[in-house]
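S.K.: Please see the structure below; I have some questions.
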Amino acid sequence: MKLKKVTKVISNLITAFLFMVVVFMAILVISTKASGGEPQVLGYQLKSVLSGSMEPTFLTGSIIAVEKVEGEAKKGLKDGDVITFVDSEERLVTHRIIGIKTSGEHVMYETKGDNNNAADMDPVLSDNVQAVYTGFTIPYVGYLINFAQSKEGSALLLIVPGLLLLGYAGFSIYQGLRELDPKKNEKDTEEKTA
C-alpha cells in the first residue's frame, strides 16, 4: 500500500514536470517569434551572449536580461553600466561604459568588453543605446534560445515535450486500467506462479 502512494506521488511529480516543460517551451518559442527574435519575460528582453568579450561577467552561451532604455534615460547612464547598443556595423553589442563624453546635447559613451584588452574603437552615441544589463544571467541557456529561434528548433522544442507528456499520460492511463481490473491481475499472477 505504501509503495502505491510513493508511486502515485512520483507519477504526479513527473506529470507536473513534463507539463511545466511544455508550457515553458511554448512561452519561449511564442515569445521569441512575437518579439522578432528576442524573447521577453516580465518586460525584460533576454539576449544571447555570442562572444567571450564580457567574460567573466557573463560567459559565451549565457542569456542575460536587459531592460529597454528610452528617451532622456539614454543620456543618464553612468560609468560602469553594462549597455546593449547598436554599433557602426548595425550589430547589437553589450559592453561596459568606461567613460562618458558630453558635447552640447549629445552624450557619447566609451565602452569596452571586460575581457578585451582595449576600449571599443568607436564611441557610442546615446541614441544608439538600446538597453541596460539588469545583473541577471543564466549560463548556457543562450544556446537553447538560439536553437529555439530556428524553424527546426521551435518545432522540436514544442513537439518533443508534448509527445513525452502524451506518452506518459498513455502509460498512466494503462496503469490505471490495470488497477481497475483486479480479476485480470489475479489471473496474470496465477499464470506466472504456475
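A short reminder: the numbers here are calculations on the coordinates, not readings from a lab. Keep in mind that this is a model prediction, so the values were computed, not measured. Please note: Cβ atoms are built from the backbone with ideal geometry, for glycine as well, and neighbour counts cover all protein chains shown.
S.K.: If you take the residues of region 94-127 that are touching a strand residue (DSSP E or B) at 6+ places or on another chain (Cβ under 9 Å) and without any contact (Cβ under 8 Å) to a residue 12 or more places away in the chain, which of them is nearest to residue 50 (Cα to Cα)?
M.R.: Of everything passing the filter in region 94-127, 118 is nearest to residue 50 (Cα to Cα).
S.K.: Being buried (at least 19 other Cβ atoms within 10 Å of the Cβ), farther than 13 Å from residue 128 by Cβ and of a type in the set (D, E, K, R) is the filter here; which residues of region 43-95 pass it?
M.R.: 47
S.K.: Moving on. Keeping to region 58-91, report how many residues are under 20 Å from the mean Cα position of the chain (by Cα), polar (S, T, N, Q) and closer than 17 Å to residue 109 by Cβ. So that I can check it myself, show each step before the final result.
M.R.: From region 58-91, those under 20 Å from the mean Cα position of the chain (by Cα) are 58-68, 82-84; that's our starting set.
Still in the running and polar (S, T, N, Q): 60, 62, 84.
Pick out the ones that are also closer than 17 Å to residue 109 by Cβ and you get 84.
The number of residues fulfilling the criteria is 1.
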